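Please read the structure below before turning to the comments.
The values are calculated or read from the model by the stated rules, or taken from the named source; none is laboratory data. Nothing here was measured: the structure is a model prediction, and the numbers come from that model. Note: ideal-geometry Cβ built from the backbone for every residue, glycine included; neighbour counts use all protein chains shown. These area figures cover heavy atoms from the full protein model, side chains too; ligands, DNA and RNA do not enter into them. Shrake-Rupley method; radii C 1.70, N 1.55, O 1.52, S 1.80 Å.
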Amino acid sequence: MAPSWWHPEEIARKRPYLETRRAVHSAVRAYFQAEGFITVETPALQASPGLERHIRPLAVPLRNRRGEAAPRYLHTSPEFAMKKLLAGGLPKIVQLCKVWRDGEEGPLHQPEFTMLEWYRANEGYGALIEDCARLLAAAGKAAHRAQESDGVLRWQGRTCDPAKTPKMLTVQNAFRDFAGIDLLATVSDADALAPDPRPLREKALSTGIRCGADDTWEDIFFHVMLERVEPQLGMGTATVLCEYPANLAALARRKPSDPRVAERFELYACGVELANAYTELTDPAEQRARFLHDRALHQMLYESAPPIDDDLLAALDHMPPAAGIALGFDRLVMLAANARHITDIMWAPVA
């Protein structure tokens with residue numbers, strides 16, 4: 001029987017990983033301080049935690065001072081509150097905080113984890129790519145000092161040099177190169193939030209990827225991503241996977257020169273997704289339409305759905321052009337420390 005997480009033997013085993021966590025934490029704080037960011041703290045309890053289809057929030061049955069039910073959710077990201085701060089006039093903000101997502105457990109997942117989220121007003125997501133490159137390098141140097149290691153990111157036998165400039169790759173080219181699929185050719189209507197799945201199903205089946213008869217376009221997209229694309233990303237060098245199809249960009253602006261895709265990227269190292277970023281959508285009408293679509297999906301999948309954050313939609317009228325990103329801090333530390341499981345780099349797991 002394995003010892004409890006608090007047992008001296010277990011703490012001693014984890015101590016090098018936890019020292020790396022401390023070092024990476026300090027390096028991250030130093031980076032944002034040097035860049036002139038304002039560190040903010042927003043409430044974990046929110047009226048709406050977001051409506052992303054594959055994220056299930058945790059509800060909290062609060063009551064107000066009159067004893068009336070006033071349910072709230074533990075935030076899955078501090079995104080909505082931070083965007084409201086941008087609307088209030090703050091230019092560059094960062095937050096390192098706990099977030100919660102139901103049904104997540106495994107070597108790369110915990111229902112409670114630490115997220116690093118930051119926003120730059122009046123900039124596009126290109127500035128965030130530069131931030132990511134510099135943060136990866138800083139994390140590698142911090143791990144080198146803490147563990148006297150070579151500073152290389154590692155996961156399940158794969159390696160990634162954080163000192164190297166990340167490789168840019170569009171989703172369209174990734175599907176072509178790793179799955180032999182012309183992805184954008186399967187979307188006949190660039191404005192459709194739920195494209196016809198039949199063209200993509202046909203192409204996926206022809207390449208040996210199994211799909212269900214009732215799978216949506218988005219379901220099939222993720223089958224291909226998980227089976228053919230993600231295992232190829234961030235090998236040797238980090239990968240910035242960019243220009244997601246517009247229907248997969250719930251909160252991102254469309255690319256002006258090609259409205260079929262959105263200004264969204266994800267950062268990968270060693271085949272592991274570390275971050276998700278956008279040039280922010282600031283059109284309240286388009287954002288409401290996306291929320292309504294996503295809320296209907298939530299209701300269908302989980303028999304319940306959080307409310308739409310009308311206060312956020314009001315804030316978008318005042319929000320400047322901006323770019324924002326959420327990075328899984330625990331995953332970054334795990335790769336920097338060469339840990340086997342995400343709980344190895346947590347001071348205590350979810351009991």
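Put simply, the chain fits an ellipsoid with semi-axes of 30, 26, 22 Å; these come from the alpha carbon gyration tensor as the roots of five times its eigenvalues, largest first.
For the chain, compute the number of Lys pairs whose alpha carbons are separated by less than 18 Å, excluding pairs fewer than 8 positions apart on the same chain.
Values: 83/92; 83/98; 84/92; 141/164.
Within the chain, the lysine pair count is 4.
For the set 344, 214, 258, the ranking by accessible area, highest first and with no ligand, DNA or RNA atoms included, is 214, 258, 344 under a 1.4 Å probe.
Selection among 173, 190, 231 by position relative to the dipole of segment 136-245 gives 231 as farthest towards the positive end (Cβ unit charges, Cα centre). Only one residue of 350, 272, 121 has its Cα farthest out toward the positive end of the dipole of the chain, where Lys and Arg carry +1 and Asp and Glu -1 on Cβ, and that residue is 350. Working from label points 7 Å from Cα in the Cα-to-Cβ sense, the residue 60 to residue 127 distance is 3.1 nm.
About its Cα centre, the dipole of segment 193-313 is roughly 400 debye, where the only charges are +1 on Lys and Arg Cβ and -1 on Asp and Glu Cβ. Note on residue 167/residue 304: beta-carbon distance plugged into 1/(1 + (r/R0)^6) with R0 of 41 Å gives a FRET efficiency of 0.50. Taking all Cα pairs closer than 8 Å and separated by 6 or more residues, the relative contact order of the chain comes to 23 percent. Within the shell of other residues whose beta carbon sits under 13 angstrom from the beta carbon of residue 351, the net charge comes to -2, with Lys and Arg scored +1 and Asp and Glu -1.
In segment 6-138, one over the average inverse separation of all distinct C-alpha pairs is 17.2 Å, which is the Kirkwood hydrodynamic radius. Each Lys and Arg Cβ is given +1 and each Asp and Glu Cβ -1; about its Cα centre, the chain then shows a dipole of about 820 debye. Computed 3J(HN,Hα) for segment 233-241, one whole-Hz value per residue from the Karplus formula 6.51 cos²θ - 1.76 cosθ + 1.60 where θ = phi - 60°, is 9, x, 8, x, 9, 4, 10, 9, 8, glycine and proline marked x. A Cα-only calculation for segment 114-232 places Rg and Dmax at 18.6, 53 Å. If r is the Cβ-Cβ distance from residue 188 to residue 296 and R0 is 25 Å, what FRET efficiency results, to the nearest 0.05? The computed FRET efficiency comes out at 0.70. Scoring 49-62, 228-241 by mean Cβ neighbours within 10 Å over their residues and listing the highest first yields 228-241, 49-62. In a reduced charge model with +1 at each Lys and Arg Cβ and -1 at each Asp and Glu Cβ, segment 140-210 shows a dipole moment near 320 debye about its Cα centre. Compactness of segment 250-313, taken as the C-alpha radius of gyration over 2.2 N^0.38 Å, stands at 1.33. Descending by average beta-carbon neighbour count within 10 Å, the peptides 36-47, 176-187 line up as 176-187, 36-47, the highest first. The share of accessible area on the chain that comes from carbon and sulfur is 51 percent, using a 1.4 angstrom probe. Looking at segment 144-232, the GluC sites (Glu not before Pro) that sit in a DSSP loop and have at most 16 other Cβ atoms within 10 Å of their own Cβ are 148.
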